[in-house]
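Please read the structure below before turning to the comments.
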Amino acid sequence: MAYITLTKDNYDQEVLRSAQPVLVDFWAPWCGPCSALSPVIDEIAAEQSEVKVGKVNVDEQPELARQYRVMSIPTLIFFKNGELVRREVGGKSKEEILDMIGLHQAAAR
């Protein structure tokens, strides 16, 4: 499945009320590390049916960035049952992200 573009209008439904765990990528088009991370996030979105993947463009959705106190990008936030479970800042490898969301062991099998 492809990632979901998250906005203030669909955020509650897609993230906070989601039955699935959700990985949210806070990014911006001018951010070099975000551009480097983007293909990894896209790959995870395409390969992992156990988790929903969403992206928040902080330039277009400053309210969401403020709400989650995103001060540096890229910032990855993992939600389960609408609750923030884990936050990571900066570029990450695919393996690090899968570890973050608890899918690395499942992917290795």
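Given the choices [x] 27, 17, 13; [y] 20, 17, 12; [z] 17, 17, 12, semi-axes √(5λ) of the Cα gyration tensor in Å derived from the coordinates of this structure is entry [y].
Only Lys, Arg, Asp and Glu carry charge here, each on its Cβ (+1 for the first two, -1 for the last two); on that basis the chain has a dipole of about 260 debye about its Cα centre. Can you list the lysines whose alpha carbon is less than 18 Å from that of Lys94, not counting same-chain residues fewer than 8 positions off? Within reach: Lys52, Lys55.
Measuring between their Cα centroids, the stretch 1-26 and the stretch 51-89 lie 10 Å from each other. Helical runs (DSSP H, four residues minimum) scored at -39500 (n - 2.57) apiece and divided by the length of the chain put the mean residue ellipticity at 222 nm at -8500 deg cm²/dmol.
When the chain is modelled as a GNM with alpha-carbon springs shorter than 10 Å, which of Arg69, Arg17, Arg87 fluctuates the most? Answer for the Gaussian network model of the chain: Arg69.
Take the Cβ atoms of Lys80 and Ala46, set R0 to 25 Å, and the FRET efficiency comes out at 0.75.
Just so you know, all these numbers are worked out from the coordinates, no wet-lab data involved. Since this is a predicted model, take the numbers as computed values, not measurements. For neighbour counting, all protein chains shown are included, and Cβ atoms are generated from backbone atoms with ideal geometry for every residue, glycine included.
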